[in-house]
Structures are given as C-alpha cells and as structure tokens.
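Here is the structure we will look at, set down as structure tokens.
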Amino acid sequence: VQLQASGGRLVQAGSSLRLSCAASERTFGRYAMGWFRQAPGKEREFVAAITWSGGRTYYVDSEKGRFTISRDYAKNTVYLQMDSLKAADTAVYYCAATVAAQRLRDRDAYDHWGQGTVVTVSS
C-alpha cells in the first residue's frame with residue numbers, strides 16, 4: 001500500500017491542525033495505521049495508532065487529550081487531529097500501515113510508510 005501524508009504547515013502555538021494520510025488501496029481496511037514524528041536531531045517516535053477496525057486507538061502518553069486519530073474507510077484516509085500545538089510538536093510527521101494487530105506503538109511493526117509532512121509550530 002502506498003501512503004500520502006499531507007496537511008503539515010507553519011502554525012502558531014495554541015493552534016490546531018489536522019493531518020491526513022491517504023492510502024492507495026481498497027484494502028485499506030485491513031491495515032492498522034499509525035502516526036510517528038521525527039524532530040530535528042531526534043529519533044522517530046510513536047504518536048498515535050488505530051486498529052484496522054477503528055475500535056481501538058493508542059497514543060503516546062504525553063499527547064493524550066491533545067491528539068486524536070481517526071479513519072475514514074470510504075476515503076481510505078487516516079487523520080491526526082492535533083490541538084493546542086506547542087513548539088515541541090515541531091517535526092516531520094509520518095503515517096504508516098501494518099497488517100499486525102499488536103505492537104502498534106513500535107515503528108518496527110509497520111511495513112509501509114508515507115513520505116512525511118512537515119509541521120512547524122512557532123512560539
């Protein structure tokens with residue numbers, strides 16, 4: 001499956017932003033989806049994930065309550081709604097897909113990656 005992430009841009013601290021990740025295949029519903037981010041000089045880290053059914057979601061503890069992951073099966077798209085953005089949220093955000101049902105916080109569990117979209121939050 002090919003993934004196309006979009007929606008990243010320069011925003012002010014306190015703003016909201018919604019990232020999108022469009023999948024190329026109708027089999028989108030078979031994949032669990034995740035969002036990761038990589039800040040300059042840092043490793044890529046887990047942000048959020050959603051199971052193939054959409055029934056469960058997972059978040060990095062530090063972002064619980066600010067970020068919301070969701071998916072639209074009709075549009076083959078997964079979203080990451082980010083609220084109350086901080087300068088520390090500045091990073092390249094990647095979406096990823098996996099047929100695995102476990103370890104969704106682990107980047108090694110994902111088989112397919114999008115190209116990334118840049119989010120810059122000015123303080």
- Task: Please tell me if G41 is of a type outside the set (D, E, K, R), out of contact with any strand residue (DSSP E or B) (no Cβ under 6 Å at 6 or more places or on another chain) and over 24 Å from Q2 (Cβ atoms).
- Result: yes
- small (G, A, S), under 25 Å from V11 (Cα atoms) and open to solvent by 70 Å² or more (accessible area, probe 1.4 Å), is that true of S123? yes
- Task: For residues that are within 14 Å of the chain's Cα centre (by Cα) and of a type outside the set (S, T, Y), scanning just region 55-71, find the one that is farthest from K86 (Cα to Cα).
- Result: R71
- Message: Restricting to region 1-37, give me the number of residues that are open to solvent by less than 60 Å² (accessible area, probe 1.4 Å) and either touching a helix residue (DSSP H, G or I) at 6+ places or on another chain (Cβ under 8 Å) or in a strand (DSSP E or B) (or both).
- Response: 18
- If we keep only residues of region 84-120 that are assigned to a loop (DSSP other than H, G, I, E, B), surrounded by 19 or more Cβ atoms within 10 Å (Cβ to Cβ) and among the hydrophobic types (A, V, I, L, M, F, W, C), then the residue nearest to the chain's Cα centre (by Cα) is L104
- Message: If I ask for residues that are among the charged types (D, E, K, R), more than 11 Å from G29 (Cα to Cα) and surrounded by fewer than 15 Cβ atoms within 10 Å (Cβ to Cβ), which ones from region 63-83 would you list?
- Response: K64, D83
- Would region 54-70 turn up any residue that is small (G, A, S), at pLDDT 95 or above and closer than 22 Å to A22 by Cβ? yes
- May I ask you to verify whether T51 is open to solvent by less than 60 Å² (accessible area, probe 1.4 Å), over 24 Å from G14 (Cβ atoms) and of a type in the set (S, T, Y)? yes
- Task: Starting from region 103-123, take each residue that is over 18 Å from F46 (Cβ atoms) and list its partners that are of a type in the set (V, I, T), counting only C-beta distances under 9 angstrom and pairs at least six apart or across chains.
- Result: V118/T90; V118/V92; T120/V11; T120/T90; V121/V11; V121/T90; S122/V11; S122/T90
- Query: For region 38-48, which residues satisfy the criterion of being in a loop (DSSP other than H, G, I, E, B) and open to solvent by 30 Å² or more (accessible area, probe 1.4 Å)?
  - Reply: P40, G41, K42, E43, R44
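The values are calculated or read from the model by the stated rules, or taken from the named source; none is laboratory data. Fair warning: this is a prediction, and the values are worked out from it, not measured in the lab. Reconstructed Cβ throughout: ideal geometry from the backbone, glycine too, with neighbour counts over all protein chains shown. Each accessible area value is taken on the protein alone, full model and side chains, heavy atoms only, with ligands, DNA and RNA left out. Shrake-Rupley method; radii C 1.70, N 1.55, O 1.52, S 1.80 Å.
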